[in-house]
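Take a look at the structure below.
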Amino acid sequence: MVKGVREARWYEKLDDGKVRCTLCPWRCVLEPGRVGLCGVRANEGGKLVTLVYGLLSSIAIDPIEKKPLYHFYPGAPILSISTVGCNFRCPWCQNWHISRAKPNEELLDYVEPERIVELMKRYEVPFLAFTYNEPVIWYEYVEDTARLAKAAGGFNVLVTNGHINPEPLEELAKYVDAANVDVKAFNPVTYLKVIGGKLDAVLEATKLMKERGVHVETTYLVVPGVNDDEEEFRKMVRWHLEELGPDTPLHISRFFPAYKFSDRPPTPVEKLVKLWELARKEGLLYVYVGNVPGHSGEFTYCPRCGKPVVKRMGFEIYEWNLTEDNRCKFCGEPIKIVGKRWRSRSRWTFL
């Protein structure tokens, strides 16, 4: 079998050799020889196959705050891997060189799932992120690798657009410990016409992960003229508050010119601050300003006394005002953080 090509797990066989992919809400119907919207799932001889099993476009050790995850083992290193392709068409994509690439267009390295776990053990990094491009379309490899990492005592993270059907997500969620879901707008028309996705499906997937015990944080990239309307943002915040809870972190990130939106200016910092204040007034307890290093919106504030309990500069923590059990040192209020702060001397025992 060609490296990278394996039979997919979520599809139906139809008449005349056609197949229907049931992984994401697009449910692509493919004739023999055709490739799905994601660019990495194809009909070969009446079977749906993944073209990228074990094929890596990137591998690196990042700070976990880069995902971004601020309330999941703060300060931890995380092994981050990706392939190519995406089931969205965001015209501002920062990683378009891999999200828009095809398996035969990019120099990819074949790495078995067992090898990923070996690397986690070698470098004593018990956290694994499927990131950079959309991990949903890499489903078979993500599931196999996450299962092995979990069995070895590791933790798995998805950095995802959340465009996945409930059934495959139910299976995958068994091995996922944390996720950052990029909610790219709160207008279904924008999602369909600009982003190339279905908003309702993203919201349902995000809720499902939360219900299954996955630690969830969301990101809202503010793109001028696309999703920066205050009332649209307010609707998203209220959905977030009602469906995910006030203690689920929200990251409001600054847009920078990229890909097809290279001619647009970055999001004004004043706009981000206004939305940050709006979200906090609506009742969200942990709201962050992203992509503005040095801004006080990067800090975690105690919901009770209002003092900064975690101060950050970009992806670095430089002040920690929490007790060993993650309580505010000033007033004793519990701060919703999974795990303890990771320090350079931290060690993890793999099985």
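Could you list the GluC sites (Glu not before Pro) in region 274-340 that lie in coil according to DSSP, counting only those with at most 14 other Cβ atoms within 10 Å of their Cβ?
Listed in order of number, the matching sites are 324.
In sequence order, what are the phi-derived ³J(HN,Hα) couplings for region 87-94 according to the Karplus relation 6.51 cos²θ - 1.76 cosθ + 1.60 with θ = phi - 60°, rounded to whole Hz, with x for glycine and proline?
9, 10, 9, 4, x, 10, 3, 6
How large is ³J(HN,Hα) for each residue in region 43-60, as worked out from phi by the Karplus curve 6.51 cos²θ - 1.76 cosθ + 1.60 (θ = phi - 60°), to whole Hz, x for Gly and Pro?
My calculation for region 43-60 gives 8, 10, x, x, 10, 7, 10, 8, 9, 10, 4, x, 8, 9, 9, 8, 8, 7 Hz in order.
GluC sites (Glu not before Pro), restricted to region 71-123: which are DSSP loop and have at most 12 other Cβ atoms within 10 Å?
105
Per residue of region 113-120, what does 6.51 cos²θ - 1.76 cosθ + 1.60 with θ = phi - 60° give for ³J(HN,Hα)? Whole Hz please, x for Gly and Pro, Karplus curve as stated.
Along region 113-120, the couplings run x, 4, 5, 4, 5, 4, 5, 4 Hz.
How do 180-193, 9-22 rank on mean C-beta neighbours within 10 Å, highest first?
Ranked by mean Cβ neighbours within 10 Å, highest first: 180-193, 9-22.
Once the Cα gyration tensor of region 6-50 is diagonalised, what are the square roots of 5 times its eigenvalues, in whole Å and ordered largest first, as equivalent ellipsoid semi-axes?
Square roots of five times the eigenvalues give 13, 11, 10 Å.
Measure of size requested: the Rg and Dmax of region 128-225, with Cα atoms as the atom set and Å as the unit; please supply both.
13.5, 46
How big is D, in µm² s⁻¹, for region 55-299 by Stokes-Einstein at 20 °C and 1.002 mPa s if Rh is the Kirkwood radius over C-alpha pairs?
D = 117 µm²/s.
Quick one: dipole size for region 187-319, taken about the Cα centre, charges +1 on Lys/Arg Cβ and -1 on Asp/Glu Cβ, in debye to the nearest 20.
100
Gain in length, residue 151 to residue 47, computed as 0.36 nm per residue apart minus the alpha-carbon separation, to one decimal in nm?
34.4 nm
Give me the log10 of I(q) over I(0) for region 1-113 at q = 0.17, 0.19 Å⁻¹, as the Debye formula computes it from C-alpha points; what are the numbers?
-0.90, -1.03
For the residue pair residue 167 and residue 12, what label-to-label distance in nm results when each label sits 7 Å from Cα along the Cα-to-beta-carbon direction?
Placing both labels 7 Å along Cα→Cβ, they lie 0.8 nm apart.
Using +1 at the C-beta of Lys and Arg and -1 at the C-beta of Asp and Glu, which of 344, 305, 248 has the Cα lying farthest in the positive direction of the dipole of region 197-351?
Checked the options; the winner is 344.
What nm distance separates the two modelled labels at residue 59 and residue 340, each placed 7 Å from Cα along Cα→Cβ?
Simple spin-label model gives 3.1 nm for this pair.
Which value in nm describes the separation of the simple spin-label points at residue 307 and residue 122, placed 7 Å from the Cα toward the beta carbon?
Computed distance between label sites residue 307 and residue 122 equals 4.5 nm.
For the chain, what is the calculated [θ] at 222 nm in deg cm²/dmol (nearest 500), taking -39500 (n - 2.57) for each run of four or more DSSP H residues and dividing by its residue count?
Computed ellipticity for the chain at 222 nm equals -6000 deg cm²/dmol.
Could you compute the FRET efficiency for residue 29 and residue 348, with r as their C-beta to C-beta distance and R0 at 45 Å, rounded to 0.05?
It comes to 0.50.
Treating only the Cβ atoms of Lys and Arg (+1) and Asp and Glu (-1) as charged, compute the dipole magnitude of region 55-299 about its Cα centre; round to the nearest 20 debye.
420
So, with +1 on the Cβ of K and R and -1 on the Cβ of D and E, and no other charges, what is the size of the charge dipole of region 6-50 about its Cα centre, to the nearest 20 debye?
Once rounded to the nearest 20, the dipole reads 180 debye.
Need one number: % antiparallel among DSSP beta bridges in the chain, to the nearest 5.
50
To the nearest whole percent, what portion of all C-alpha pairs in region 271-314 is separated by more than 11 angstrom?
Roughly 64 percent, rounded to a whole number.
None of the figures in this text is laboratory data; all of them are computed from the coordinates on show. In this text, all values refer to a predicted model and were calculated from it rather than measured experimentally. Note that we place each Cβ from the backbone using ideal geometry, even for glycine, and neighbour counts take in every protein chain shown.
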